[in-house]
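The values are calculated or read from the model by the stated rules, or taken from the named source; none is laboratory data. Bear in mind that the values here come from a model prediction, so they are computed numbers and not experimental data. Here Cβ is always computed from backbone atoms with ideal geometry, including for glycine, and neighbour counts include all displayed protein chains.
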Amino acid sequence: MLSSEIIKRPLITEKSMLLVEQQNKYTFEVDKRANKIQIKKAIQELFDVKVLSVNIINTTPKKKRVGKHEGYKSELSKAIVTLAKEDKIEIFAA
């Protein structure tokens, strides 16, 4: 699997921005099939930073209803990546 296939997009929310400011942790949506080692290599390759740790969160699909139609929101995998103190990712800069 290629690095660009593993990392889908950065997740930018209030909570993730607090993690960036306080603990130098960045949140990404990742492929469900990727493991921690693959995610770590992909982040290091794409952004040229040193990754200290990777935590993965698998979300379950949530039931949604619009009128009489029912369905599910898609399930996704989030990775919270901790970087070394001196490293930053410029995508998250305001």
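Of note:
- Restricting the first member to region 7-19 and to residues that are under 14 Å from Glu29 (Cβ atoms), and the second to residues that are not in a strand (DSSP E or B), the beta-carbon pairs closer than 6 Å and six or more apart or on different chains are Ile7/Ala42; Pro10/Ile91.
- Residue match in region 69-92 (condition: in contact with a Pro (Cβ under 7 Å, 6 or more places away or on another chain) and touching a residue at least 60 places away in the same chain (Cβ under 8 Å)): yes
- Options Lys40, Lys63; residue that is farther than 17 Å from Ile6 by Cα and out of contact with any helix residue (DSSP H, G or I) (no Cβ under 8 Å at 6 or more places or on another chain): Lys63
- For Thr13, the stated conditions hold: it is within 12 Å of the chain's Cα centre (by Cα), among the β-branched types (Val, Ile, Thr) and modelled with pLDDT under 95.
- Residue in region 25-51 that is surrounded by the most Cβ atoms within 10 Å (Cβ to Cβ), counting only those that are of a type in the set (Phe, Trp, Tyr) and closer than 13 Å to Lys78 by Cα: Tyr26
- Among the conditions (1) farther than 20 Å from Lys85 by Cα; (2) exposed (fewer than 14 other Cβ atoms within 10 Å of the Cβ); (3) out of contact with any Pro (no Cβ under 7 Å at 6 or more places or on another chain); (4) not acidic (Asp, Glu), the only one that Gln22 does not satisfy is (1).
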